[in-house]
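Below is one structure, written out as structure tokens, with a few remarks after it.
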Amino acid sequence: MVHVAKKCVICARLTSDFSYGVDCCSACKMFFRRHVVKEALLKPCLSGNQACPKDFLAGCQFCRFHKCLQSGMTLEPLVPKLPLEELFEKLSDFDRHRNRILSDYHPLDPDLNVSTILFFKKLKYQQRNDLVPMKFSSWIYISSIATIEFMKKLPFIYLANSSDQLILVKSSFIKVSSFSAASRAYFSNQHALSFPDGSDVLPFTPDVKGLEEIGNRIRTRLVSKFIELQLSKEEFLLVLILIFCNPALLDLSETGQILVSTYQSVYSNALFEYCMETYEKLGPCRYTELLSLITLAEKHLEDVNNYFVILQLHGMDFLIPAVVKEGINLI
Ligand SMILES: [Zn+2]
Ligand SMILES: [Zn+2]
């Protein structure tokens, strides 16, 4: 057999290898494999997230990985497909960590925003003092932080470029946070969303008319659906991920779409497999019902958005915490 040397489509070294659907050298092949299979984190781009110059490429993990995706290296066959039990254990761990931050800690920095939460390597926390009462704004602040810390543990977030990370997180962290609050209520037999100390998830606004109906929908609609479906913990975890694993978002880059749609198919396959194992013949029907929760979370976000727009129209934007403003569209 004659081996014809070609250029590696990623680093341009001469190679006769063909792997993952493209001509690439074994170093680039191993590099791609390590980050997808072993889920190794990527070091940030050496030139600050501008595309690196060509001769820089092999040295910059971030740009090299994205060049692999752009060159058409096939991602999905490499993504680890954990047995369901292991997958649930891993996601539960992430979720427990989110809950711990929410219930017991507060960040040392009082002015974090979505991008600092996403791109700070390790946020510093302090154990919360029970004697200091939490206000609405402090609950919203810590629950947004805990949610974003959870989201950034997923590979389609941390492997994405920084502008895609911002798009994915800003469009969904309120949904993810509310969905988690709904699970906290549901699993402790409550019928309405509340913060861990039992306080209301919406600010106290006795003077604003017209908020009651929409406010009650925000507090109860998700939990009611969980009760109706008798949602299991496993179903909750997978739907929670699918809420922000959405490749249809406007403005996602080409590599962002590849990453998100690949992982979306991995997590939805896992959900389907779970439904088939648990509900057998009724599995496909259950799966469809569960996916309707994603639409419901979208409607929930619309309600939250409208609620805060009404507050804004009444000149009460001061009640809307800065980090929340990044997740909604005010007028
Ligand atoms: Zn190469
Ligand atoms: Zn780079």
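The values are calculated or read from the model by the stated rules, or taken from the named source; none is laboratory data. The structure displayed is predicted, hence computed values, not measured ones. FYI the Cβ positions are ideal-geometry reconstructions off the backbone, even for glycines, and counts take in every protein chain you see. Please note that ligands, DNA and RNA were not included when accessible areas were found on the heavy atoms of the full protein model with its side chains. Shrake-Rupley method; radii C 1.70, N 1.55, O 1.52, S 1.80 Å.
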*How many angstrom lie between the C-alpha centres of the range 102-164 and the range 235-278?*
23
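Suppose the chain between residue 127 and residue 318 were pulled fully straight at 0.36 nm per residue; how much longer would it get relative to their current alpha carbon spacing? Write out the running numbers ahead of the final one.
Values: separation 191, 0.36 × 191 = 68.76 nm, distance 2.73 nm.
Result for the pair: 66.0 nm of gain on full extension.
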_Over the chain: Rg over Rh, Cα atoms, Kirkwood Rh_ = 1.02
*Once both axes come from the Cα atoms, what is the angle between helix 283-313 and the longest principal axis of the chain, in degrees from 0 to 90, rounded to 10?*
60
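Of 209, 7, which has the most accessible area and how do the rest follow, probe 1.4 Å? Could the numbers behind the result be given before it?
Working: 209 160, 7 135 Å².
Greatest to least solvent exposure: 209, 7.
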*What FRET efficiency, computed as 1/(1 + (r/R0)^6) with R0 = 51 Å and r the Cβ-Cβ distance, is obtained for residue 285 and residue 4, rounded to the nearest 0.05?*
0.45
_Need the full-extension length gain, residue 152 to residue 92, defined as separation in residues times 0.36 nm minus the C-alpha distance. One decimal, nm._
20.1 nm
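Please report the carbon-and-sulfur percent of the accessible area for the chain; probe 1.4 Å, protein heavy atoms only, DNA, RNA and ligands left out.
Numbers: 9180 of 16700 Å².
Result for the chain: 55 percent of the exposed heavy-atom area is carbon or sulfur.
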*Any idea of residue 158's accessible area? Nearest 10 Å², probe 1.4 Å.*
40
*Is the range 247-331 best put as rounded, prolate or oblate by its Cα gyration tensor, with a ≥ b ≥ c the root eigenvalues, rounded for a/c under 1.5, and otherwise prolate when a/b is larger than b/c, oblate when not?*
oblate
_Förster radius 22 Å - calculated FRET efficiency between residue 227 and residue 134, Cβ distance, rounded to 0.05_ = 0.25
*Taking the Cα atoms only, what angle lies between the long axis of helix 136-151 and the longest principal axis of the chain, rounded to 10 degrees?*
20
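What full-extension length gain, to one decimal in nm, is calculated for residue 85 and residue 162 as 0.36 nm per residue of separation minus the Cα-Cα distance? Provide the component values of the computation, followed by the final result.
Details: separation 77, 0.36 × 77 = 27.72 nm, distance 3.15 nm.
Gain on stretching residue 85 to residue 162: 24.6 nm.
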_Spin-label pair residue 277/residue 305, simplified geometry with 7 Å Cα→Cβ offset, distance in nm_ = 3.7
*Residues of the chain: accessible area per residue at 1.4 Å, in Å²?*
50
*Note down the accessible area of residue 191, probe 1.4 Å, to the nearest 10 Å².*
130
*Average projected area [Cα convex hull, the range 96-159], square nanometres*: 4.4
*So how strong a dipole does the chain carry about its Cα centre when Lys and Arg Cβ are +1 and Asp and Glu Cβ are -1, to the nearest 20 debye?*
1100
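Based solely on its DSSP helices, what 222 nm [θ] is calculated for the chain when runs of n ≥ 4 H residues each add -39,500 (n - 2.57) and the sum is averaged over all residues, nearest 500 deg cm²/dmol?
Numbers: 12 runs with 186 residues, N = 331.
Mean residue ellipticity, 222 nm, calculated: -18500 deg cm²/dmol.
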*Just the accessible area for residue 326, please: 1.4 Å probe, Å², rounded to the nearest 10?*
60
